[in-house]
Amino acid sequence: MNRLSLQILICNRVGEVDVLFSSLLSQTYKEWDLILIDESTTPAIRHKHINDLITRMKCEGHGVIYRHVKPLHNIGKSRNICFENDEFKNNLCVRIDDDSYCDPQYLE
């Protein structure tokens, strides 16, 4: 099974990220790692529920890279940070918007 790197860029959308993370944890395809670049004013990881979901991901065997960065206000440059921080070297990557909800078979 090919392992995936999920690349997510977030900016001030804690509620949406909560929904997204919950949908990722419900995926039928379990071979994935997360690269999360956070441009939020207040780091999303400071929110208990986001931090708890990231901890659960790690406990379930998913690698997680979290970086809080200064907002670049340039989606292209910000997305490049995801690639630069992908230490997993997975063959495949999936970019997911921070306001997405992924159907349980999305990664399949």
Q: Kindly provide the set of residues from segment 1-56 that are within 19 Å of Leu72 (Cα to Cα) and acidic (Asp, Glu), ordered by number.
A: Asp38, Glu39
**Q.** Scope segment 51-68; condition exposed (fewer than 15 other Cβ atoms within 10 Å of the Cβ) and in a loop (DSSP other than H, G, I, E, B); matching residues
**A.** Glu60, Gly61
Q. Among (1) of a type outside the set (S, T, N, Q); (2) modelled with pLDDT of 95 or more; (3) more than 21 Å from Asn85 (Cα to Cα); (4) open to solvent by 20 Å² or more (accessible area, probe 1.4 Å), which single condition is Gly15 missing?
A. (2)
Q.
Every residue in segment 4-22 that is touching a residue at least 24 places away in the same chain (Cβ under 8 Å), more than 15 Å from Arg95 (Cβ to Cβ) and of a type outside the set (Val, Ile, Thr), please.
A. Asn12, Arg13, Glu16, Asp18, Phe21, Ser22
Q) Out of (1) over 13 Å from the mean Cα position of the chain (by Cα); (2) at pLDDT 95 or above; (3) open to solvent by 70 Å² or more (accessible area, probe 1.4 Å), the odd one out for His73 is which? A) (2)
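Considering every residue within segment 76-86, establish whether at least one is open to solvent by 50 Å² or more (accessible area, probe 1.4 Å), among the aromatic types (Phe, Trp, Tyr) and in a helix (DSSP H, G or I).
Yes, some residue in segment 76-86 is open to solvent by 50 Å² or more (accessible area, probe 1.4 Å), among the aromatic types (Phe, Trp, Tyr) and in a helix (DSSP H, G or I).
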Q. Only one of (1) over 12 Å from Leu9 (Cβ atoms); (2) open to solvent by less than 10 Å² (accessible area, probe 1.4 Å); (3) not in a loop (DSSP other than H, G, I, E, B) fails for Cys102. Which number is that?
A. (3)
Q | Enumeration of residues in segment 18-43 that are modelled with pLDDT under 95, open to solvent by less than 10 Å² (accessible area, probe 1.4 Å) and not in a strand (DSSP E or B) | A | Ser40
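The values are calculated or read from the model by the stated rules, or taken from the named source; none is laboratory data. Note that the coordinates shown come from a computational prediction; the quantities given were computed from them, not determined experimentally. Reconstructed Cβ throughout: ideal geometry from the backbone, glycine too, with neighbour counts over all protein chains shown. All accessible areas refer to the heavy atoms of the entire protein, side chains included, with ligands and DNA or RNA removed. Shrake-Rupley method; radii C 1.70, N 1.55, O 1.52, S 1.80 Å.
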